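Below: the structure, in structure tokens.
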Amino acid sequence: MNSTYILGIESSCDDTSAAVLKDRTLLSNVIASQKIHEAYGGVVPELASRAHEQNIVPVVDQALKQAGINKKDLSAIAFTLGPGLMGSLLVGTSFAKGLALSLRLPLIQVNHLHGHILAHFIRVEGKEKTEPRFPFICLLVSGGNSQLVLVHSVKEMEIIGQTIDDAAGEAFDKCGKMLGLDYPAGPQIDRLAAIGDPVSFRFSKPQIPGFDYSFSGLKTSFLYRLRDEMATNGDFIRERKADLSASLQATIVDILMDKLIKASKEYKIKEIALSGGVSANSGLRKAVEETALKKGWTIHLPALSFTTDNAAMIAVAGYYKYLEQDFCGLDAAPYSRVSI
Ligand code: KG4
């Protein structure tokens, strides 16, 4: 069989990305992150759409150049259909359609969440690793989602638990904002946590039945603690930033791990994967590694470059759909909310 070349396009939030895969092997993965949102403490949807519009042509051009292929060599174009910000999704969708039409290529719509999970199946030359075996449980944790997914195959995925309010990444970002950190605060909290004491503060943990998550109570508990301490010591946050970060991170990791361990036990599955932006967190990675040793899990931690939003994951999900000739029409339209 001839090789397939899939161009993936991702524009669901604040990263404009394009990637080229030869079958499942990565040829390029270009990401333009939008710095403009840092000043606002969160993603401003209108500014994100505008930045995507500015970035999309050079990013796709760069992805093709780095891959060393001509656009005429492409087999198909895969794009993110959702979930995400509508204005952002529209830029990637419309661009993908226009390019597919002009090159007479099939078009493939990809669920962003499938992309995060299937990122484990991207092959990188010189960095061979074992891939998850089906069925496996994937803890998908990002700025917009916190889900436990039972992955039966590349196309059959079942959500067994999810957040009923904020996502884990939102908890990192919003609590980080209270500490005066720039958006996104997750990576900075991770760095501060490395030099702080994780048991110096206790924050509330949710008591939710089943495999669902909740992070809004933790956010409130964090806020009240800061408010109370700042009332007597105006320098409290500055003096204790590392300890606060370490304690916050430890609490978020505990909440995530409790349900992951419970799900593994209940479904009798020891093949465990992490996906999404928060899967870059060193505290979470360490907790998963330690639990794996105790429980005999086989774990799959994504390369850091595939944790946050990227188009390589969209391209690999597109590749599997390409094999099934699962194409969409030019009337495909994005969805801001779409489940797995
Ligand atoms: O997957 P992603 O790029 O975007 C969404 O689809 O939401 O995830 C972004 C999220 C942000 O909330 C960011 O703070 C968080 O991932 N994040 C981290 C780390 N790196 C990124 N959170 C904790 N620790 C990290 N090292």
Exercise. Read through the list (1) β-branched (Val, Ile, Thr); (2) within 23 Å of the chain's Cα centre (by Cα); (3) surrounded by fewer than 19 Cβ atoms within 10 Å (Cβ to Cβ), then give the number of the only condition that Ile208 fails.
Key: (2)
Quiz item: From the list Lys174, Lys129, which one is outside the structural domain of Val316 (by TED's automatic domain parsing) and away from the ligand (no atom under 16 Å from the Cβ)?
Solution: Lys129
Practice problem: Could you list all residues from the range 62-73 that are of a type outside the set (A, V, I, L, M, F, W, C), assigned to a helix (DSSP H, G or I) and either within 24 Å of the chain's Cα centre (by Cα) or over 18 Å from Gly92 (Cβ atoms) (or both)? | Solution: Gln62, Lys65, Gln66, Lys72, Asp73
Quiz item: Within the range 205-263, which residues are farther than 30 Å from Thr291 by Cα, of a type in the set (Asp, Glu) and not in a helix (DSSP H, G or I)?
Solution: Asp235
Practice problem: Select from the range 78-89 the residues that are out of contact with any Gly (no Cβ under 8 Å at 6 or more places or on another chain) and either among the aliphatic types (A, V, I, L, M) or in a strand (DSSP E or B) (or both) and list them in ascending order. | Solution: Leu81, Gly82, Leu85, Met86
Quiz item: Quick one: Pro334 ticks every box in (1) in a loop (DSSP other than H, G, I, E, B); (2) without any contact (Cβ under 8 Å) to a residue 40 or more places away in the chain; (3) within 15 Å of the ligand (Cβ to nearest atom) bar one, so which box is it?
Solution: (2)
Quiz item: Filtering the range 240-294 down to residues that are surrounded by 24 or more Cβ atoms within 10 Å (Cβ to Cβ) and polar (S, T, N, Q), which residue is farthest from Gly210 (Cα to Cα)?
Solution: Ser245
Quiz prompt | Matching option when the condition is in contact with a Gly (Cβ under 8 Å, 6 or more places away or on another chain) and not assigned by TED's automatic domain parsing to the domain that holds Ser275, among Asn111, Asn70 | solution = Asn111
Practice problem: Give the number of residues within the range 271-319 that are in contact with a Lys or Arg (Cβ under 8 Å, 6 or more places away or on another chain), in a helix (DSSP H, G or I), away from the ligand (no atom under 16 Å from the Cβ) and in the same structural domain as Leu150 (by TED's automatic domain parsing). | Solution: 1
Practice problem: State which residue pairs qualify: first residue in contact (Cβ under 8 Å) with a residue 40 or more places away in the chain and under 14 Å from Lys241 (Cα atoms) and inside the range 167-187, second residue within 8 Å of the ligand (Cβ to nearest atom) and of a type in the set (D, E, K, R) in any location, beta carbons under 9 Å apart, and separation of 6 or more residues or different chains. | Solution: Phe172/Asp190; Gly186/Asp173
Quiz prompt | Boolean, Leu140 is within 11 Å of the ligand (Cβ to nearest atom), closer than 30 Å to Lys321 by Cβ and part of a strand (DSSP E or B) | solution = yes
Quiz item: What are the residues in the range 183-195 that are more than 10 Å from the ligand (Cβ to nearest atom) and surrounded by 15 or more Cβ atoms within 10 Å (Cβ to Cβ), if any?
Solution: Leu192
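The values are calculated or read from the model by the stated rules, or taken from the named source; none is laboratory data. Please read these numbers as outputs of a predicted model, since none were measured by experiment. Every residue, glycine among them, receives a Cβ derived from its backbone with ideal geometry; neighbour counts consider all protein chains shown.
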